[in-house]
Structures are given as C-alpha cells and as structure tokens.
1. Which fully enclosed helices (runs of 4 or more DSSP H) of segment A:533-595 have 3 or more residues being without any contact (Cβ under 8 Å) to a residue 40 or more places away in the chain?
2. Taking segment A:61-78 as the region of interest, how many residues are within 12 Å of RNA strand B (Cβ to nearest atom) and assigned to a strand (DSSP E or B)?
3. What is the residue count in segment A:456-472 for residues that are modelled with pLDDT of 95 or more and touching a Lys or Arg at 6+ places or on another chain (Cβ under 6 Å)?
4. Test residue A:353 against the criterion of being at pLDDT 95 or above, assigned to a loop (DSSP other than H, G, I, E, B) and of a type in the set (Gly, Ala, Ser), and give yes or no.
5. Does any residue of segment A:579-587 turn out to be over 28 Å from residue A:484 (Cβ atoms) and more than 11 Å from RNA strand B (Cβ to nearest atom)?
6. Could you check segment A:35-50 and list, in sequence order, the residues that are in contact with a Lys or Arg (Cβ under 8 Å, 6 or more places away or on another chain) and either among the β-branched types (Val, Ile, Thr) or surrounded by 14 or more Cβ atoms within 10 Å (Cβ to Cβ) (or both)?
7. Have a look at A:202, A:165 and point out the one that is surrounded by 19 or more Cβ atoms within 10 Å (Cβ to Cβ), over 34 Å from the mean Cα position of the chain (by Cα) and not aromatic (Phe, Trp, Tyr).
8. Among the residues of segment A:388-427, count how many are more than 19 Å from residue A:485 (Cβ to Cβ), in contact with a His (Cβ under 8 Å, 6 or more places away or on another chain) and touching a residue at least 40 places away in the same chain (Cβ under 8 Å).
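The values are calculated or read from the model by the stated rules, or taken from the named source; none is laboratory data. Values in this document were obtained by computation on a predicted structure and should not be read as measured data. Virtual Cβ from ideal backbone geometry, glycine too; neighbours counted across all protein chains shown.
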Amino acid sequence: MANIFKEEFENLILHSIKKQYGNIEVPELKYSIDIVFGKDWDISSSIALKLSKVLKKSPKMIAEEVVKNIKSSKFFSEITTVNGYINAKLSVTELSNFVLKEVSSQKEKYGSSDLGKGKLVLLEYPSVNPNKPWHIGHLRNPLLGDSLSNILNFCSYTTNRLDYIEDLGLQMAEILWGKKNLDWKLTDKKYDQFLGEKYVEINNRIKEDEEAKKEITHILKKMEDTSSKEAREIREIAENSVKAQYETAFKYLLYHDLLIWESDILSEKLLEKSLELLKKNSLVYIEEEGKLKGCTVLKTSLSSKTEEENKKVLLRSNGVPTYLGKDIALHMWKLGIIKIHFKSKEFISQPDGSKVITTFNTGKVLNFTGADIAINIIGSAQNEPQTVLKNTLEVIDPKKAKNLIHVSYGELSLKEGKISGRSGTWLGNERNYTADDLFKFTVERAKEIILSSDKLSPNINPDEVSKKIAISAIKFDLLKIDPITKITFDWDKALDFNSNSGPYCMYMYARTCRIIEKSKEIIKSAKLSDKDISYAERDYGFELLKLLSLCSDRVEKAATEYKPNVIAEYLLEISALFGKFYEHNSVLKGGDATNLRLAIVSSVKQTLYNMLMLLGIEPLSSM
RNA sequence: GGACAUGUGGCGUAACUUGGAUAGCGCAUCGGCUUGCGGAGCCGAGGGUUGCGGGUUCAAAUCCCGCCAUGUCCGCCA
C-alpha cells in the first residue's frame with residue numbers, strides 16, 4: 001500500500017499538468033515526489049524540472065503554472081514553488097489523524113503489503129555442507145534468508161524456507177575417509193565442531209597423499225549408490241551434523257520448513273529426468289575426445305568464454321554427477337519444470353513450535369508442484385555458476401526461469417584473509433570464528449553492560465535479556481549493510497554496541513514501552529478524540545508521524561530489491577527521531593497534548609516492533 | 001588474459017535502480033546537557049575535489065566511455 005499523501009499529491013499535480021498542457025506524458029511523476037524532513041515544507045516534487053525539456057519552458061515557469069492550476073485539497077496547504085520545485089505542507093491534523101488510526105487499527109500488520117498475494121516463494125539458505133559448524137561467514141547467509149522470508153511474508157507472499165543438504169559431495173567423502181583412517185573418538189564437543197576440526201585434520205593429511213585421494217574418489221563413487229553402506233553411513237553423519245548446526249540456528253531464532261537432500265535427488269531420479277530434458281533441448285552431449293572424454297557435458301554460451309570454457313561437466317567420466325548437474329535438476333523441481341513427489345518425514349521440532357520436514361527415501365508424499373519464485377541466497381563468488389544455471393533453465397522454460405532469483409551477497413572475511421572451512425582459518429585461539437562463539441561472546445558482552453547499568457530493572461532476567469540483546473546486535477550489524485557489500489569481521493566492532501546498532505533500536509523500543517506503561521495512571525481516555533488530534537503541531541511528533549507514514553513504502557522497497565538493510569535504515573531513522581522527540585517533548589506531562597503524544601509513542605512502538613521482527617529481532621520491553 | 005562486482009571525510013556506511021535543492025548517519029576526535037517519561041540517550045564543532053580523466057545534461061555520487069585500484073570467478077571442487 002503506497003503512501004496516500006504521496007498518491008494524492010501525485011494526482012493533484014497530474015490533474016493540473018493535464019489541465020494546463022493537455023494530455024502529455026508524465027512518466028517519472030511518481031519518482032519525482034518525496035516526503036521530506038527538516039525543511040519548511042513536507043512534500044515536494046521535482047517534476048517541473050523534468051518537464052522543462054519536453055515543454056521547452058523554464059522549470060520555474062512550469063512549476064508556477066502547475067501550482068496555479070492545482071486543486072485545493074484538505075491534505076495540503078501552502079503549495080508553493082522554489083527553484084522549480086513544487087512544495088507543500090501537509091495538513092498536520094489530517095496526517096496525524098490518518099497515521100495514528102492506521103497504526104492502531106492495523107497493529108502488527110502496520111506496514112504490510114499485498115504485493116505478493118497468492119504467490120509461493122521458495123527461499124534456499126544457507127546450504128552449508130554438513131561437515132562443519134556454521135562460521136561467521138556462513139551466518140550472514142541465513143540472516144539474509146530469514147529476514148527476506150519475513151519481509152516477503154509481510155508482503156503477503158507465502159514463503160517456504162528451504163535448506164539443501166549436500167550429503168554426497170567430495171567433502172563428505174573426505175569425512176568418511178577420515179572416519180576410517182584417523183583416530184575418530186567422539187569428544188564432548190558439539191558434533192559439527194568435532195567434524196569441522198576433523199575435516200581440517202583430514203585435509204592436512206591427504207594434501208600430498210595420492211593414495212588417500214584415490215580412496216576418496218572410490219568412496220565418492222560408492223556413495224552415489226544411495227542404497228550402499230557408505231551412503232547410509234554418511235547420511236547418518238550428515239543428519240547429526242545438521243541437527244548440531246540447527247542448535248546454532250535456534251540460538252539465533254532461525255528456522256526452516258524443508259530440507260532437501262542431495263541423496264534424495266538421486267534416488268528419486270530427478271537428475272535423470274533433468275538430463276533427459278536437457279538432452280531433448282540439445283544442451284548436453286557425451287564428449288568423445290579431449291580431456292573431457294567420457295563426460296556428459298552441458299553446452300553453455302557465455303559470450304565472454306571460449307568454446308572450451310563453455311563446456312560444463314554434469315556427469316564425470318565415471319558417471320558420478322557434479323554439483324552443477326544436481327543443482328540444475330533441483331531448480332527444475334523448485335520451479336515446477338519437473339514434477340517429482342519426494343517422500344518425506346519429520347526431521348526435528350524447532351523451538352518456535354514448528355517442525356522441519358525432510359525429504360527421505362520412504363514416508364509421506366511431499367505435495368509440491370513448483371514455486372512462483374525461487375530465491376537463492378548465495379555468495380557473490382558463485383555469480384557465474386548461478387548465471388549458468390539461469391541461462392540453462394531459460395532455454396527450457398524462459399517464463400519460469402525468469403522467476404529464479406539469485407540474491408548475491410559479498411562474502412565476509414577476516415582482517416587476515418578468507419574464512420576457510422577446509423584450511424581451518426575459522427579456528428582461533430581464544431575464540432573460534434564460529435556462529436556459536438560469536439553468540440557466546442556477544443551475550444557475555446551484553447550481560448556485562450546490563451549488570452553495569454545503575455538503571456537495571458529488578459524485573460529483568462539478565463540471562464534472557466542478554467541473549468536477545470546479542471541477537472539484536474549481531475543481526476542488525478550484518479543486516480544493516482547492503483547485501484552486495486563485502487564485510488570484514490572484527491571482534492572489537494562486533495562487541496561495540498554503538499548508536500547505529502540493534503541495541504540502540506531496542507533501547508528506543510524499551511523506552512516506548514516504559515512510557516506507555518507509566519501512562520496507565522494518567523491516561524485521559526483510551527480513544528483518541530478529534531480534540532486530541534487538534535493539539536498536533538509541526539514538531540518532532542509530526543516529523544515522526546510523517547516518517548511512520550512511509551512504512552509500507554520502505555517494506556515494499558526492501559521486498560522488491562531483496563535488501564533487508566532498507567528496513568534497518570528505516571529503524572535507525574525512526575529510533576533517532578524518537579530519541580529527539582522524547583528529549584524535547586514531555587509525553588506524560590504534555591498538558592493538553594498528552595493523549596496525542598501517547599498515541600504517537602504507541603505508534604512508534606508498534607512500528608519499531610514490526611520492523612525489528614522483519615529482521616528476526618525480538619524486541620524487549622525492558623533491557 | 002577474459003568476465004562480474006566494488007571504490008563516498010581517519011575508519012565503517014546511506015543515497016545510485018528512478019539524475020534534482022546544503023552528499024545523510026555512526027565510530028573516532030573536541031566541547032556541552034542528568035533534582036526531569038530509563039544517559040545503550042540528547043545538543044553542538046571540526047573533518048568530503050563521492051578513485052582518476054573525459055562525455056551527455058539546465059543539473060552527475062547517480063547515466064555513458066576510458067583508465068587505475070581491490071575482490072571474486074573462469075576445475076571431471078562444491
């Protein structure tokens with residue numbers, strides 16, 4: 001739902017332009033209009049500047065003519081022109097009345113949109129190999145995925161959160177080799193941590209061991225037969241590993257709906273069907289000579305590539321499928337190009353009460369025939385493979401391929417370089433660069449701050465509160481930045497809850513809660529009257545309401561651009577303005593304006609709550 | 001070598017899709033505000049040729065071209 005004041009302003013201007021200049025095209029009108037802050041006016045359009053060329057007149061003259069012909073409206077006053085801009089003041093009472101009533105009637109739906117009504121979105125994240133704990137670099141992925149799922153959901157999309165588990169790849173074959181050739185006694189470490197450390201050890205061992213590498217290739221081949229002993233063994237390891245990884249996810253309030261296993265893609269013959277379809281479209285063939293002799297090869301057509309580079313192996317010469325081969329198959333299923341009915345069972349119960357379903361070789365048929373949109377949250381390192389995937393699907397079903405979206409994000413690194421699971425740079429001395437340790441140390445830091453506060457409320461539980469503060473700090477930090485921007489992780493920065501932070505927004509939310517709570521003794525009437533509204537002035541309260549009126553605009557922007565940082569920015573704007581508001585306007589001792597100001601606080605509270613939830617942050621009423 | 005992405009005060013970032021008024025915010029630095037609804041706060045100061053060069057335009061951080069720098073990818077890895 002767009003901002004009605006902007007819409008109304010647009011209509012008035014359009015009407016005036018048509019009246020003055022006849023039926024000319026005004027294509028950019030919508031984008032020329034902005035609600036502005038800290039100026040003598042509230043809303044502005046630069047359309048006269050844009051029309052200058054078309055009409056061959058000076059912007060100033062156009063603006064004046066448009067203003068002269070503009071119809072009066074109860075929403076606006078003092079419609080004027082400055083330097084070719086058309087500016088107006090918003091009616092303080094109309095806007096206040098409208099926004100306050102909208103928020104109080106829509107409550108936790110305030111800011112939502114019907115953009116995606118009736119559409120099913122499949123979001124895949126984070127698809128971390130099940131042989132290591134999530135490290136800090138991995139964490140950015142599910143935070144983006146979870147937040148985008150929330151945002152799309154808020155825009156009326158039905159969302160399904162999918163995790164793809166690669167239990168048949170090289171990395172798992174290496175784990176199995178390690179289990180047979182290394183000392184493999186389980187410790188009291190978390191299982192994914194144990195595997196991750198072993199994986200580093202394995203890599204050091206096999207680096208120059210040709211014999212071991214051969215054995216691993218052999219294991220890999222055996223695993224492809226999903227009924228083999230090896231496949232069953234590795235599936236069990238992987239299931240336990242995923243369960244351990246999900247313990248981490250749950251700390252961060254990250255949940256999923258469905259797990260798709262690589263092994264099930266093979267056993268359900270999805271890969272075969274996909275190869276058939278590719279063959280039918282002349283996209284694959286068996287290479288008969290050269291270094292790829294015996295491989296089933298996909299012909300791609302990236303113009304920047306040589307003919308050789310445009311060959312992608314889908315089946316190795318020994319018949320074992322590559323990652324890309326399986327990935328193409330998976331995406332044909334996701335988009336309903338191939339309909340396969342996986343069997344499924346319950347995998348795990350999540351702390352929010354929901355259950356994760358997993359594909360399996362036996363069980364209930366999974367009723368799924370394709371999503372309207374498939375979103376992959378994948379690091380920018382995989383931009384090219386994702387392009388290959390999309391281009392390939394485009395040949396087969398252009399319409400559906402269009403709905404495959406790669407949300408590409410900049411990988412997180414350390415000051416000293418990349419985080420690598422294989423070489424073990426995620427292991428530190430005192431602290432590992434894992435999502436578990438990040439959580440642990442951030443919680444500690446939060447608790448330290450809570451306990452050192454002399455305003456500590458006796459009612460709060462420092463353990464519970466510090467966890468939620470930590471979540472807000474970590475999530476906000478990683479989500480406030482445009483996904484495409486690379487991040488260099490730094491412990492000092494991570495543990496510094498500065499002003500542009502989750503805790504800052506949480507603090508402002510807590511303040512709104514406290515004011516509302518205290519108001520219960522003095523509140524005059526629960527219902528806001530016209531008289532109450534009449535005390536509205538052009539002050540910080542009004543600026544706040546202007547800002548709140550933009551809520552669904554911002555949400556839709558975040559949804560259509562797949563950018564949760566739009567929401568984080570918005571939260572900071574509201575928080576900062578609210579900080580000024582309560583510093584400059586007493587709410588509880590606001591005289592005649594008390595009821596109005598309380599209503600403003602209440603609206604801010606609701607909006608902060610709704611936006612924090614979109615980032616996967618649960619607000620606290622005191623902290 | 002080719003392709004893609006990125007480059008904004010000392011540091012981190014917003015605005016780039018849709019060109020528009022004084023490039024917004026935080027950290028750090030310096031100064032001020034608490035008998036007051038919670039100081040994780042508020043007020044103020046200094047700090048910018050938006051990587052460089054050209055072009056388009058009444059107007060460029062934004063669009064186009066060239067260059068430079070950084071990162072990533074280009075494997076019978078995933």
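1. Those helices (runs of 4 or more DSSP H) span A:565-584.
2. 0
3. Residues that pass the stated criteria total 1.
4. In short, yes.
5. Within segment A:579-587 (the criterion being over 28 Å from residue A:484 (Cβ atoms) and more than 11 Å from RNA strand B (Cβ to nearest atom)), the answer is no, since none of the residues qualifies.
6. Hits for segment A:35-50 are A:35, A:41, A:42, A:43, A:48.
7. Of the residues listed, the single one that is surrounded by 19 or more Cβ atoms within 10 Å (Cβ to Cβ), over 34 Å from the mean Cα position of the chain (by Cα) and not aromatic (Phe, Trp, Tyr) is A:202.
8. Going through segment A:388-427 one residue at a time, the tally reaches 5.
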